[in-house]
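Coordinate-derived values only; no laboratory data. In this text the structure is predicted, and so the values were computed from the model without any measurement. Here Cβ is always computed from backbone atoms with ideal geometry, including for glycine, and neighbour counts include all displayed protein chains.
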2 protein chains.
Amino acid sequence: MTAPVRRAGVPEATVGRLPLYLRALTALLDQGITSISSEELATLAGVRSAQVRKDLSHLGSYGVRGVGYDSEQLSAQISQELGLTQEWPVAIVGMGNLGRALAAYGGFTGRGFRIVALVDDDPEVVGTVVEGLTVTTLTALGTSGTAVAIGVITTPAPAAQTVAEQLVLLGVRSILNFAPGHLVLPDGVDVRGVDLATELQILAFHEQRRLLAISTHDPLVADVDAGPDCDLGRGALG
Amino acid sequence: MTAPVRRAGVPEATVGRLPLYLRALTALLDQGITSISSEELATLAGVRSAQVRKDLSHLGSYGVRGVGYDSEQLSAQISQELGLTQEWPVAIVGMGNLGRALAAYGGFTGRGFRIVALVDDDPEVVGTVVEGLTVTTLTALGTSGTAVAIGVITTPAPAAQTVAEQLVLLGVRSILNFAPGHLVLPDGVDVRGVDLATELQILAFHEQRRLLAISTHDPLVADVDAGPDCDLGRGALG
DNA sequence: ACCTGTGAACAGCTTCACAGCG
DNA sequence: CGCTGTGAAGCTGTTCACAGGT
């Protein structure tokens with residue numbers, strides 16, 4: 001095993017696919033499969049094999065020519081790259097249906113994340129126990145001294161901007177925002193947004209194109225879907 | 001008003017941003033603002049102004065030089081482009097926490113989408129009324145003859161593939177998958193995936209980079225965040 | 001024979017900079 | 001003058017095709 005020489009920067013697009021590979025590898029390890037080729041991994045992740053090789057080459061050379069990759073070693077390598085060898089403390093703000101759904105989702109714990117706080121501002125909800133954690137307020141969270149690395153916002157849209165600013169004041173620099181709208185925050189704060197409406201609208205666009213293509217009998221316009229499969233993220237939550 | 005000459009194809013990246021513009025425009029119209037420049041729209045959507053102009057140019061020339069865009073006309077144009085002038089029937093499969101959260105989210109109705117069916121396979125849940133709709137099974141949905149254009153999968157991961165295949169058999173060709181893992185479906189079916197774990201892992205990657213940059217006092221590695229703001233999708237759900 | 005790792009070609013997207021028009 | 005619309009430049013990401021190992 002050679003020294004893991006850290007390359008300069010892993011491309012953003014590659015970072016977005018590492019979780020896919022990691023999930024596939026985890027499933028394989030559960031089945032006791034210890035070796036995998038780029039072709040097989042590509043099938044499981046829904047990308048092309050050349051893409052897998054290029055992506056993994058950015059982490060260093062951990063494959064064996066003529067054989068493939070060692071599942072366990074590769075899994076460990078990707079985990080380290082993604083920073084999952086430590087546990088990041090996560091706070092969920094907004095205990096509506098969605099917040100509860102995320103709190104109940106077990107996929108975090110032991111996989112690099114731990115929910116350390118559930119937050120709401122409704123006096124009816126604050127103090128109640130959800131999934132073993134007592135719901136608190138943002139101000140109480142601030143004075144408690146609990147460290148939070150990642151904030152998940154599941155509040156109604158109007159509250160999101162204020163909540164985000166308060167999270168930043170608490171030292172949070174990574175935010176996952178489920179509320180619609182663009183958050184304006186200081187440089188250095190990383191925001192990712194997930195929006196149901198946006199996703200549906202993109203699907204509607206393609207759906208409409210398909211219908212138009214059929215009604216005009218124009219087969220050329222029918223190649224609406226991208227490549228082998230069209231995905232950006234993955235799905236979670238039972 | 002000139003004839004709306006349909007350009008060949010709107011780039012996929014542009015399609016992904018049209019919902020952002022539409023949301024911003026909707027907010028502006030609520031405030032009674034009837035005109036907007038690319039600069040302002042860019043700020044609201046969290047992109048650059050040149051990007052806005054390039055994107056909108058793909059829909060045709062609806063701006064006025066020296067002035068800007070007419071909010072209402074632009075909103076209507078984007079809505080039409082995204083296929084929101086009709087109502088797409090949506091079925092949500094999986095009535096767990098997340099499925100209920102999505103069912104309760106009002107942002108669909110009247111905005112291009114209508115939830116026509118809630119589906120689960122648990123006999124305890126089937127037949128109960130959620131948000132005014134009686135929960136049904138996939139097979140019952142099939143025999144009912146209810147048309148479904150878009151299927152939203154909020155089941156546990158192991159059920160997702162089978163559910164997706166059944167949806168396709170019902171004629172669904174657009175699927176929004178919240179379950180983790182890659183769905184293998186026939187060509188022509190459009191799948192979009194949303195996964196909490198993936199999003200968190202991407203945030204963890206950047207968070208780790210930041211910490212490494214600080215600990216090694218290397219300011220060059222600190223420019224972790226992309227451009228003005230780092231977003232792919234938007235957020236919804238109270 | 002097989003599969004990885006990678007330079008090179010290619011495709012798509014973003015940003016620039018300015019011409020064109022109100 | 002102000003702002004749109006757009007060719008051109010530059011950049012990022014993907015795919016190809018094959019050299020390099022085992």
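Brief remarks follow.
- The alpha carbon gyration tensor of the stretch B:12-82 gives principal lengths a ≥ b ≥ c with a/c below 1.5, which makes the shape rounded.
- Chain B shape via C-alpha gyration tensor axes, a/c threshold 1.5: oblate
- Exposed GluC sites (Glu not before Pro) absent: longest stretch of chain B, with sites in DSSP loops and at most 16 other Cβ within 10 Å deemed exposed: B:132-238
- Rounded if a/c under 1.5, otherwise prolate or oblate - the protein assembly as shown, Cα gyration tensor axes: rounded
- When trypsin sites (Lys or Arg not before Pro) are flagged only if DSSP places them in a loop and at most 12 other Cβ atoms lie within 10 Å, the longest unflagged stretch of chain A comes out as A:66-238.
- Choice from B:Gln208, B:Gln73, B:Gln51 showing the highest fluctuation, given a GNM over chain B with Cα pairs closer than 10 Å: B:Gln208
- Model label points for A:Ala213 and A:Ala27, set 7 angstrom from Cα along the Cα-to-Cβ axis, are 2.6 nm apart.
- Partner chain coverage, peptide B:112-122 - average Cβ within 10 angstrom: 1
- Per residue, chain B reaches -12500 deg cm²/dmol at 222 nm when only DSSP H runs of four or more residues are counted, each adding -39500 (n - 2.57).
- Alpha-carbon centroid distance for the pair the stretch A:99-139 / the stretch B:72-127, whole angstrom: 27
- Computed FRET value (nearest 0.05) for A:Thr162 with A:Thr34, which takes r as the C-beta separation and R₀ as 51 Å: 0.55
- A straight line joining the Cα centroids of the stretch B:38-71 and the stretch A:171-216 runs 18 Å.
- Hz values of 3J(HN,Hα) by residue in the stretch A:83-89 - Karplus curve (6.51, -1.76, 1.60), Gly and Pro given as x: x, 9, 7, 10, 9, 8, x
- Take each residue of peptide B:89-95, count the partner chain Cβ atoms within 10 Å of its Cβ, and average: the result is 1.
- For A:Ala76 and B:Val64, the FRET efficiency from 1/(1 + (r/R0)^6), where r spans their Cβ atoms and R0 equals 51 Å, is about 0.30.
- Within 10 Å of the Cβ of each residue in B:18-29, the mean number of Cβ atoms contributed by other protein chains is 3.
- In this simple spin-label model, placing a label point 7 Å from the Cα along the Cα-to-Cβ direction at both A:Ser144 and B:Thr143 gives a separation of 5.1 nm.
- Förster-model FRET efficiency, 56 Å R0, A:Glu131 and A:Ser57, C-beta, rounded to 0.05: 0.85
- Span-like helix check, chain A: qualifying full DSSP H segments, with Cα axial length of 20 Å or more and mean Kyte-Doolittle of -1.0 or more, are A:12-30, A:196-215.
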